[in-house]
Amino acid sequence: MKLTGAIYALLSLAAFYGISTQAQRYVGGDISLLPDYEDAGAKYKDHDGKPIADLMPWLKEEGMNAMRVRLFVNPEKYRERHQNDTDNSTRYDPNACQDLEYIIPLCKNIIGNGMDLMLDFHYSDTWADPAKQWTPIEWEGLSDEELYAKIHDYTKETLETLRENGITPKFIQPGNEISYGMLWGPLGSPDLKKTFMGNDANWDRLGKLLTQAIKACREVCPDAEILLHTERVTQTDVQKNFYDRMESMNIDYDIIGLSYYPYFHGDMSVLDNALASLQTNYPDKKIMILETGYSYKWEVPGTSHDLSGTWQYSDAGQNKFATDLVSTLEKYDNVNGLFWWWMEYNAFGTSLSGWYNAPLFDSTTGCATSALKTICSFAKSSGITEAAESDSDIRQTEWYDINGRRVPYPVGSATPGLYISQCRKILVR
């Protein structure tokens, strides 16, 4: 590509002042149940066994810079209907309790401690994942056309309420693990509106739902980055089919989000292949690992891939997984986010069972596991350098791309290129 004299001069000036930069990386976790554990008396300790007085600022000091919070529409409605179900797959789970009232103080805590917020809309009253995407009980009687309006209005009203409370998400997920669509219909319905590779049914419907949800996000939070979250890392053809369809429907999003659980999906080569495919096929999209984890003590319930020969069920084994994960992610320039799922689980000092064994705190001691420090290295290795100036001043300045188009603050979100603001220039590689 031939550079004009003006562009060449700007690039040279940016390089001279040392403001060439890789995109910012984000590290954190889904921390949606922290209020429950703190209320239960969980005692968190650092790596040396010293008590942590306040977890959120400590996590910030460790190097985490973003946290993920899930949101359900009306989990109380689901509890009323399903708390006595004999089927474990449909019975109410008290861990899926995050309604709007629940998350507001938690989101304030995250933002108040200088971290970015990722808001995960489940668009359900309970867990939404590849096996279930039940329509909220209060929305069950709506037609598809009415659902398109409802998802827009609900999303907009939710974000407006958060904004009124001083909360503006940096990242927004319209749907959780939506490889096979979302808002399928009521639990137990014989006619679920799923999406599948090789079948055109319901894809247009999913596109309209996402379009309306994202429209609401752009209206209230125009600078937020939109993520589309899937979990088909084991099936790159299914993964590609999903994002190809998003492209063909002109879905307005910024980041590809993935789940990768080695004990469900397989060894690191599975993730490596998925990332290689995504970066090759969608070079203009950033990629984040939105959910991951590995055991520090014993096998995770439901494990389908025993990888203890590679990563032992121990603090050292969990840390080796984290080390290998960071090394894999660092191979891909488009990957800029790593979030550990249910990182805050900690039964130490409580009457909780301690059954979940893949968080970043040891329930037998309350201590942070070694993997917590290791995943933070992913953010610290981003290579960002900027001229010394307050972050808030830089972010609030108007930024433009080389074509003169107004853009959000470019570090961490922009596609590669030169970005200009008054006397500042940033080169994003």
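Scanning the stretch 193-201 turns up no residue that is within 23 Å of Tyr26 (Cβ to Cβ) and among the small types (Gly, Ala, Ser). Here Ser304 meets each of (1) part of a loop (DSSP other than H, G, I, E, B); (2) over 14 Å from Met268 (Cβ atoms); (3) within 18 Å of the chain's Cα centre (by Cα) with one exception, condition (3).
Can you find a residue that is assigned to a loop (DSSP other than H, G, I, E, B) and either over 17 Å from Gly29 (Cα atoms) or in contact with a Phe, Trp or Tyr (Cβ under 6 Å, 6 or more places away or on another chain) (or both) anywhere in the stretch 107-121?
Checked the stretch 107-121: no residue is assigned to a loop (DSSP other than H, G, I, E, B) and either over 17 Å from Gly29 (Cα atoms) or in contact with a Phe, Trp or Tyr (Cβ under 6 Å, 6 or more places away or on another chain) (or both).
Whether a residue is surrounded by fewer than 24 Cβ atoms within 10 Å (Cβ to Cβ) and on the phi > 0 side of the Ramachandran plot was assessed, and Gly354 passes this test. Scanning the stretch 122-163 for residues that are of a type in the set (Lys, Arg) and either in a loop (DSSP other than H, G, I, E, B) or closer than 16 Å to Gly181 by Cα (or both) yields a total of 1.
Do we have any residue at all in the stretch 182-202 that's under 26 Å from Lys286 (Cα atoms), β-branched (Val, Ile, Thr) and touching a strand residue (DSSP E or B) at 6+ places or on another chain (Cβ under 6 Å)? No, the conditions are met nowhere in the stretch 182-202.
Determine whether Thr292 is closer than 20 Å to Met343 by Cβ, in contact with a Pro (Cβ under 9 Å, 6 or more places away or on another chain) and among the β-branched types (Val, Ile, Thr). Against the criterion (closer than 20 Å to Met343 by Cβ, in contact with a Pro (Cβ under 9 Å, 6 or more places away or on another chain) and among the β-branched types (Val, Ile, Thr)), Thr292 qualifies.
For the stretch 347-401, the set of residues classified as at pLDDT below 60, in a loop (DSSP other than H, G, I, E, B), more than 23 Å from Thr323 (Cβ to Cβ) and not hydroxyl-bearing (Ser, Thr, Tyr) consists of Glu386, Ala387, Ala388, Glu389, listed by residue number. Filtering Gln212, Gln239 for residues that are out of contact with any Cys (no Cβ under 6 Å at 6 or more places or on another chain), buried (at least 18 other Cβ atoms within 10 Å of the Cβ), in contact (Cβ under 8 Å) with a residue 12 or more places away in the chain and over 17 Å from Pro130 (Cβ atoms) leaves a single hit, Gln212.
Which members of the stretch 301-323 meet the condition of being closer than 30 Å to Leu119 by Cβ and buried (at least 19 other Cβ atoms within 10 Å of the Cβ)? Result: Gln318, Asn319, Phe321, Ala322. If I filter the stretch 176-184 for residues that are within 24 Å of Ile255 (Cα to Cα), in contact with a Phe, Trp or Tyr (Cβ under 8 Å, 6 or more places away or on another chain), touching a residue at least 12 places away in the same chain (Cβ under 8 Å) and outside any loop (DSSP other than H, G, I, E, B), do I get at least one hit? No, the stretch 176-184 contains no residue that is within 24 Å of Ile255 (Cα to Cα), in contact with a Phe, Trp or Tyr (Cβ under 8 Å, 6 or more places away or on another chain), touching a residue at least 12 places away in the same chain (Cβ under 8 Å) and outside any loop (DSSP other than H, G, I, E, B).
In this entry, Gly175 is excluded by the filter for residues that are crowded, with 20+ Cβ neighbours inside 10 Å, over 20 Å from Cys97 (Cα atoms) and modelled with pLDDT of 95 or more.
Pick from the stretch 236-273 the residues that are of a type in the set (Gly, Ala, Ser) and either touching a strand residue (DSSP E or B) at 6+ places or on another chain (Cβ under 7 Å) or in a strand (DSSP E or B) (or both): which of them is nearest to Val335 (Cα to Cα)?
Checked the stretch 236-273; the qualifying residue nearest to Val335 (Cα to Cα) is Gly257.
The values are calculated or read from the model by the stated rules, or taken from the named source; none is laboratory data. All figures in this text were calculated on a predicted structure; none of them were measured in a lab. Glycine also receives a Cβ, built like all others from the backbone with ideal geometry; neighbour counts cover every protein chain displayed.
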